[in-house]
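Each remark here refers to the structure printed beneath this line.
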Amino acid sequence: MQPPPQPDNGWAAPTASSAVHARVRLPGSKSITNRALILAALATGPTRITGALRARDTELMAAAVAALGATVREEPTSDGLNAASGSAWVITPAWPGRPLRPAPARVDVGNAGTVLRFVPPVAALAQGDVEFTGDPRVAQRPVGELLDGLRQLGVEIADGGRGAVPFIVRGRGRVAGGAVTLDASSSSQLVSGLMLAAPRYEAGLQIRHEGGRIPSAPHIAMSVAMLRAAGAHVEVGSLERQAGNGTRDFWLIRPGPLAPGSIDVEPDLSNAAPFLAAALVTGGEMTIPGWPGTSLQAAGQILDVLGQMGAACSISPAGLQVKGTGSIRGITADLRDVAELTPVLTALAALADSPSEFTGIGHMRRHESDRLAALAAEIGALGGQVTELPDGLQVRPRPLRAGDQPFDSHDDHRLVMGAAVLGLAVPGLRVHNAGTVGKTFPEFGRLWRQMVEDTS
């Protein structure tokens, strides 16, 4: 995203003067791209990744696998799958069967949860120390359960007892594997991180979750599907615990080679949310070409919740079409499986015709920002009423108006997207540090302004 011309005043979120009618091509999925990079780094031969997202989170992941010995290079494409760069990523392990360099390495995780949680289980296979550092906020994001899980497998971790960045994984070139029990109720990535590296462990891995419901569970299903597509043997099971004490889920990943060969990355459907929301706010129509008919992402859940709020959704050869009537319905919904949509859905709820209540999102207090507190504060500063609940948010629509101070992004890309949706209906809204949206969607600002200007 292009930095605003007056950074101290914030990015001026465009206001829609008429219904939007636009067609927006999305960048690749961050979640799929970063899983693909991990699988490629652990493979027995080169992997070609087309349609990959190029953004801060994925560049950090590419740098991480390179630090562990993989070769990452660009290769031209002629099929337009990566319109932003016109190239694919080709990942070559350091040598077949042993893709990790026998030397100390350093990994910068930034504020990327996938890098924080996917790379340490791989680093345990390195022949040397791997130091993990990152942005200040990432030290508050859950990773302790993952580090304890690695310790259960005999991996030495030096973290000063913090269970947080910075820490060092003392790789010894091999991990015996076996069984790990952990509580992944704070993040599904804790399971995915162990799962993705497990085929390279000598005995594979049995992962057992004991705790409350795992948020963003479709992302674990994504990891399972991608592992299987790369040749891994994965078994999945779940048992309800007695007396309402959550679930006992388990995954068995057997040891064996990984050979993805090629991976085509789907468009990032979470990044579609603000554009689809624009159709509801303005009573317009949005088309997303390339929307997958069968997806590794939570496509059905995304469209379901938008439909509940008033969107008419249909899929045709042209892509996904979403139409709004100009009226937004308040809803009660459990967003556990699509938690990343919360800032955009909260913005919609603040503009709705009736109250909303979102649950299943208490874990978002430890995302890129404390999203629940940030949304309550920033929408409250506009005159709205958003109340924090133990596990969610209650939103009561009120007339909104921009104040003297910009909407604070809290260095959170999803809050920028939520603010942009509000800006369609709130003239004069400005967003502090909107450039942080480049974490997952560098072209967001340009595409958003183009959407509004082309239909104003």
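The values are calculated or read from the model by the stated rules, or taken from the named source; none is laboratory data. Model, not experiment: these values are computed from the prediction. Every residue, glycine as well, gets a Cβ built from its backbone with ideal geometry; the counts of neighbours run over all protein chains shown.
Data overview
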read-out	value
Cross-chain or 6+ apart pairs with Cβ under 6 Å, the range 258-270 first and among the β-branched types (Val, Ile, Thr), then surrounded by 24 or more Cβ atoms within 10 Å (Cβ to Cβ) and not in a loop (DSSP other than H, G, I, E, B)	263/36; 263/49; 265/28; 265/32; 265/33
Looking only at the range 407-421, and only at residues there that are surrounded by fewer than 24 Cβ atoms within 10 Å (Cβ to Cβ) and under 14 Å from residue 138 (Cα atoms), the one that is farthest from the chain's Cα centre (by Cα)	410
Failed item in (1) farther than 21 Å from residue 25 by Cβ; (2) at pLDDT 95 or above; (3) assigned to a loop (DSSP other than H, G, I, E, B), with residue 297 passing the rest	(1)
Filter result for residue 353 (of a type in the set (Asp, Glu), closer than 16 Å to residue 9 by Cα and free of Cβ contacts under 8 Å to residues at least 60 places away in the same chain)	no
Sole residue being modelled with pLDDT of 95 or more and surrounded by 24 or more Cβ atoms within 10 Å (Cβ to Cβ), chosen from 99, 46, 120	120
Residues located in the range 129-158, provided they are surrounded by 17 or more Cβ atoms within 10 Å (Cβ to Cβ) and in a loop (DSSP other than H, G, I, E, B)	134, 141, 142, 143, 153, 155
Enumeration of residues in the range 374-425 that are among the β-branched types (Val, Ile, Thr), closer than 26 Å to residue 440 by Cα and touching a Pro at 6+ places or on another chain (Cβ under 8 Å)	421
Qualifying residues in the range 22-37 (those that are aliphatic (A, V, I, L, M) and outside any strand (DSSP E or B)) - the one nearest to residue 69 (Cα to Cα)	37
Residue match in the range 234-250 (condition: touching a helix residue (DSSP H, G or I) at 6+ places or on another chain (Cβ under 9 Å), crowded, with 16+ Cβ neighbours inside 10 Å, modelled with pLDDT under 95 and part of a strand (DSSP E or B))	yes
Pick from the range 375-396, criterion of a type outside the set (Val, Ile, Thr) and part of a helix (DSSP H, G or I), ranking: nearest to residue 364 (Cα to Cα)	375
Test: residue in the range 339-358 that is in the same structural domain as residue 411 (by TED's automatic domain parsing), surrounded by 22 or more Cβ atoms within 10 Å (Cβ to Cβ) and acidic (Asp, Glu)	yes
All positions within the range 416-444 that are over 21 Å from residue 386 (Cβ atoms) and assigned to a loop (DSSP other than H, G, I, E, B)	440, 441, 442, 443
